[in-house]
Amino acid sequence: AFQDKKTYVANTTIDLLNKDTSGLVKEVLTAEQFHGKQGEAVCVHRPDKALAKRMYILGLGKKEEFAVDDIRRASGVFAKRFKKSIDSASIVLPQELQKLGDTSELMQAIGEGLLLGIYDFSKYKEIVRRFHGVPFSVICL
């Protein structure tokens, strides 16, 4: 979600998710005081009619200042923050993002961000915990 002056910018994807969850998404975004700032993330637990146990909505900053690096950074923050608590993930790329840049470039940035987010330098650690990664899929709406 993009940042507005005081709150997030409602977009087609958030409206669809909100409709499918009987208003739960906007209720959680309001309760968590989500503004859509770069690096913000909100978790919606067990939405009705959804196959997912959790949905995460990530802040991308201001729409006017959006760059491909912002999506790379957001996906990296997501992967780093939640890599130990998820088994698999699907990422929905909203139409608004597809209009702002080349879709293949955005997909590459998401992949790079995810890889950078799950990376763990363990060469000098005594106990090495192997993290085999999380299967991700990206969905364009």
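Brief remarks follow.
- Comparing 103, 16, 45 along the charge dipole axis of the stretch 1-119, the residue lying farthest to the positive side is 45, per the Cβ-charge model.
- Applying 1/(1 + (r/R0)^6) with r as the Cβ-Cβ distance of residue 54 and residue 102 and R0 = 35 angstrom yields a FRET efficiency of 0.75.
- Its residue count N sets the reference 2.2 N^0.38 Å, and the alpha-carbon radius of gyration of the stretch 33-75 equals 1.33 times that reference.
- Approximate spin-label separation residue 64-residue 46, in nm, with each point projected 7 Å along Cα-to-Cβ: 4.3
- For residue 22 and residue 120, the FRET efficiency from 1/(1 + (r/R0)^6), where r spans their Cβ atoms and R0 equals 41 Å, is about 0.60.
Read the figures in this text as sums done on the coordinates, not as results from a lab. Bear in mind that the values here come from a model prediction, so they are computed numbers and not experimental data. We place every Cβ from the backbone using ideal geometry, glycine too, and count neighbours over all the protein chains shown.
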